[in-house]
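Worksheet for the structure shown next.
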Amino acid sequence: MQVHIQNLRVSYLEENHSLLALDRLDLTLHPGRITAMVGESGCGKTTLGKAIMGLLPDNARLRGQILLDRDNVPDLDEARMNTLRWSTAAMVFQNGTATFNPVHRLVDQVAEPLVLKGTPRKKAMAKAVDMLAHMGLAPEMARRYPHELSGGQAQRGLLAMALILDPPLVILDEPTAALDAMTKAFIARVIQDLRVRGKTILLITHDLDLAQALADDIVVLYLGQIMEHLPGRDLLENPSHPYTLALARAFPAMDAVRDLGGIRGDAFYRMVHAHAGESGTDHVHTHVAAPDSFHQGGHAPPRGCLFQPRCTQAVEACTRDEIAIMPSGDHQVRCLRGGIAQLLCFEQVAKSYGPIKALAPTDLTLMAGEVFCLVGETGSGKTTLAMIAAAAIIPDQGKRIFQGRDMDIWVKKEFTSLAPKIGVIYQNPAESVSHRFTVFDIVAEPLRIHKMETRTEKIHSRVLRALSDVRLSTAPEFLQRYPHELNMGAIQRVCLARALVHDPDLLIADEPTSALDPSVQAKVLKMLLGLQIEKGLTMLFVTHNIGLARKVADRIGVMVDGRIIETGPAARIINHPGHQYTKMLINSARGLSDTPQGMSQVYR
Amino acid sequence: MRTRQHKWSRPVFAYLAAALILVYLSYLLPQLLPGDFVTAMYAGADVSLNALQEAELKAYFLDNQTFGEYLGNLVRLDWGYSAAFFAPVSTLFFAALPWTIVLMGTAHILSSFLGFFLGVEAAWRRGSLVEKSGVGTMTVLEGIPEICTGALLLLVFSLHLGWFPAAGAQTAYAEQTTFQWVLDVLHHLTLPLITLVAAYFPGNFLLARAGMVMVLKKQFVLTAKAKGLPPGRVRYAHAARNALLPLVTRFGLRFAFMVTGALVVETIFSYPGLGTLLFNAISMRDLPLIQGIVLFASLMVLVVNLCMEWVYTLLDPRVSHAS
């Protein structure tokens, strides 16, 4: 059965406004294919499932088409829809046990649709028992009441119930939520088996691992809009939309090495409502508001990208223009910038200091919103590369592109407009601050140099904000302290505050924590990553410690002797290193001491 | 897992113990109550008794039995002799019992079924005009006590219009075929029955509706709809079945208090049931009769409760799990 959803719009009427759950959704589900739908809670995933089943509550308003082969669900009357339900389209609801009626036996509930379609009771019961057995539930289990089942058993029961009429379309709503790994694997096998049998499958899930493993197509939904439509294999490692990347980063995938990062901001509901405009007439408009704030949040723009307030790469145009979904390779992306944008791109960049070749011609790309870790021994050219990225060193050759502009020209012509976009944390915190400056002056310096603020009170408030961002005291006495009065952790935080006070897009951190003891390092790193998420920073993180890199990085680049020998997603580099040197680096980090001295010489 | 026997014996044992305590309390009743038959009988009369006469009379009406004798007599249906009615208590009791059962039983069953079905249908049509006005009307009706409805009905339909008899359960000394007799009984039953149904129905309706409204929000109702079941089956087999429990509880409680529940209405319509009998017995301080009826009423509470426990497990498998 082919399901063709066109221009589907569902809103829920509430007292004086309505909630827009799905907005102009186009989607086609094919027989023998699994389409997974992912997205945060409240993005409209379950609404879509219910809409296909014709089960939306009375306060829902639906426009557009849902074609089940030839039948358009919104046009069908209740009686006709009822004949399609379960025999043509069945749904496995989320929250297993609550989905069953507590006063009827499991087997009765599974057999019920069969009995009502005219199968003799005895035969129907036998078939139900068979189906349950097929799902791994023994006959004595079938006689139980729902409250006597575990969550996993209930979930299998639900599957059995959904498949009892052998429907061509199966909608699975969070079929593996709250299940243990073994039951999850079992259910994944059942779903795969359904695909082989040519069923059309819509899999609604939070579980990105499951979605990636099972789905042919993945649809990423945000506030009722499709943000990205991508092949299943690309979900975790090769997403195109910043939202997909953020979701993947927040998900505890089995392979993930980086500490979990959330997505900044909160998911809002979209409200459509009418109230008197300035001319005194009612006008209907959409706005995005927090569920508990209604109007206090002000009127968010009715146009523009929905994800823009949380996006790490939003530009001014994102708040203005209506954005259509566009093909990008074999993905489809709803993003003005065509998907995750490049922030910084090096082409054949090289640098030598006299006879010493610090950096061989190197290509490097930093994507907006990611944390890229450069890992390598001392003297491998990490700092040189970082400082070239920071526009502090002019490379001998090659091309640098920052935010789509040629960096070399930018540096020469308008360095003042480029510099505030980059924040740097230098290698040695104690040495990177002037001993004659107070804490306040240290942090305020970038603002003053770049003339970003001239009014004293503005400078003051931004400095205080930066200090509180890095969890430092904002007491007047503290602001007047000198660096030698502070401990190393505090100085490092002051450096961090200085790097962030002018709201840069790119943060370059060169061994930011190597001078700190592990407990302080843990705190500083946690804070740094938190800020990275909250401010949507792109980060170039330089460290010699691959163990540290694995907790921080989205991608890792390994440097040896002025050359990047390997780059890739952190999970892949750590779990399946491609280069011999990377393997050695990982082994030596694990404390295996069979690494020869000066091994970089060996792998030159 | 406990054995079935174990599960059953425990509550039954507890109920037996409770019953024994009740019987003992009823045995003590005459000593606990103020006043006695002799005082009550001669209080309004012109005859005045001297001390000796009073003592003799009181001694005549006093029966000194031990608890063992009392218990034995109880089982042998020898519940003493009513001095006020000049008849054995058991005769009086069994003459009145059927009328109470007819009146109260019909009223309870009628009001429960009506309340359940209309409550379920109302909840299903939540938000419609019919449902809203229904709830409003029932809330008002719930507030009117049966003594008020009863008196009004008696006044209008019996005393003023003369459509229904004002007293009794059947026409006395009438030569009737069985069919005529049934009609006659129903004719007498109408007004007290309407009074009771009007008193009990609104509560049942509101309870059923509220329960059903809650159940309809449950996930499994959506599942039932998704399964393509006919609406009637969704409503009753899945939703209403789960809203039944509070209603059954209410039915049981009301049923248990059948005798006291009947007191007011039976008295208003002079219906010859246990309520009227108890009322008369109390006004004449007819101790053996009071004792008998009160004991029956309290044992009834126990029996109904025991039945309810069993019915609960039938209705909701989770109940047996919880205990």
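Quick notes
- Partner shielding of A:100-112 amounts to 4, given as the average count of beta-carbon atoms from other chains within 10 Å of each residue beta-carbon.
- Label positions at A:ARG197 and B:SER48, each projected 7 Å from the Cα along the C-beta direction, are separated by 10.0 nm.
- Over chain A, the ratio between the Cα radius of gyration and 2.2 N^0.38 Å evaluates to 1.13.
- Gyration tensor verdict on segment A:215-262 (Cα atoms; rounded if a/c is under 1.5, prolate if a/b is larger than b/c, oblate otherwise): oblate
- With the charge dipole of the protein assembly as shown set up from +1 on Lys and Arg Cβ and -1 on Asp and Glu Cβ about the Cα centre, the Cα lying farthest toward the positive end among the listed residues A:LEU516, B:SER158, A:ALA392 is that of A:ALA392.
- Contour minus Cα-Cα distance for A:LYS458 and A:GLU477 (0.36 nm per residue): 4.9 nm
- At R0 = 41 Å, FRET efficiency that the Cβ-Cβ distance of B:TRP310 and A:GLU15 yields, to 0.05: 0.35
- Counting, for every residue in A:86-93, the Cβ atoms of other protein chains within 10 Å of its Cβ and taking the mean gives 3.
- Pair A:SER41, A:SER514: separation of 7 Å Cα→Cβ label points (nm): 4.4 nm
- Ranked by the mean number of other Cβ atoms within 10 Å of their residues, highest first, the peptides B:137-149, A:142-154, A:238-250 fall in the order A:238-250, A:142-154, B:137-149.
- For peptides B:222-228, B:246-252, sequence by mean Cβ density within 10 Å, most packed first: B:222-228, B:246-252
- Assuming charge only on the beta carbon of Lys and Arg (+1) and of Asp and Glu (-1), the dipole of the protein assembly as shown about its Cα centre is about 2280 debye to the nearest 20.
- Nearest-0.05 FRET efficiency for A:LYS551 and A:THR378, computed from C-beta distance (R0 22 Å): 0.60
- Taking Cα atoms only, the orientation of helix B:258-268 departs from the longest principal axis of chain B by about 70 degrees.
- Long-range amide H partners of B:TYR81 with built H, under 5 Å: B:VAL89
- Rounded tilt (10° steps) of B:178-216 against the dominant C-alpha axis of chain B: 50 degrees
- Candidate lysines - alpha carbon under 25 Å from A:LYS199, same-chain residues fewer than 8 apart omitted: A:LYS45, A:LYS50, A:LYS117, A:LYS123, A:LYS127, A:LYS184, B:LYS225, B:LYS227
- 222 nm mean residue ellipticity, helices alone, for chain B (DSSP H n ≥ 4; -39,500 (n - 2.57); rounded to 500): -23000 deg cm²/dmol
- From most to least packed by mean Cβ count within 10 Å, the peptides A:63-74, A:193-204 give A:193-204, A:63-74.
- Inter-site label distance for B:GLN219 and B:LEU155 at 7 Å from Cα along Cβ, in nm: 5.6 nm
- Taking Cα atoms only, the orientation of helix A:518-535 departs from the longest principal axis of chain A by about 70 degrees.
- Potential extension, A:GLN348-A:ARG24 segment - 0.36 nm per residue separation minus Cα distance: 112.2 nm
- Using the Karplus relation 6.51 cos²θ - 1.76 cosθ + 1.60 with θ = phi - 60°, the per-residue 3J(HN,Hα) values for segment A:45-55 come to 4, 5, 4, 4, x, 5, 5, 5, 7, x, 10 Hz, with x marking Gly and Pro.
- At R0 = 25 Å, FRET efficiency that the Cβ-Cβ distance of B:PHE13 and B:LEU253 yields, to 0.05: 0.60
- Per-residue average of Cβ from other chains inside 10 Å of B:237-243: 3
- Net charge of Cβ neighbours under 11 Å - reference A:HIS206; Lys, Arg +1; Asp, Glu -1: -4
- Computed P(r) (all Cα pairs; segment B:92-322; 5 Å bins; percent): 1, 6, 12, 15, 15, 14, 12, 10, 7, 4, 2, 1, 0, 0
- Taking all Cα pairs closer than 8 Å and separated by 6 or more residues, the relative contact order of segment A:363-459 comes to 14 percent.
- Radius of gyration, Dmax [segment A:444-486; alpha carbons; angstrom]: 10.9, 29
- Residues whose amide H falls under 5 Å from that of A:LEU507, counting only those 5 or more places apart or on a different chain, are A:GLY423, A:THR538, A:MET539, A:LEU540, with hydrogens built in the peptide plane.
Every number here is computed from the coordinates shown, using simple stated rules; none is lab data. These figures come from a predicted structure and were not determined experimentally. Note that each Cβ is placed from the backbone with ideal geometry, even for glycine, and that neighbours are counted across all protein chains shown.
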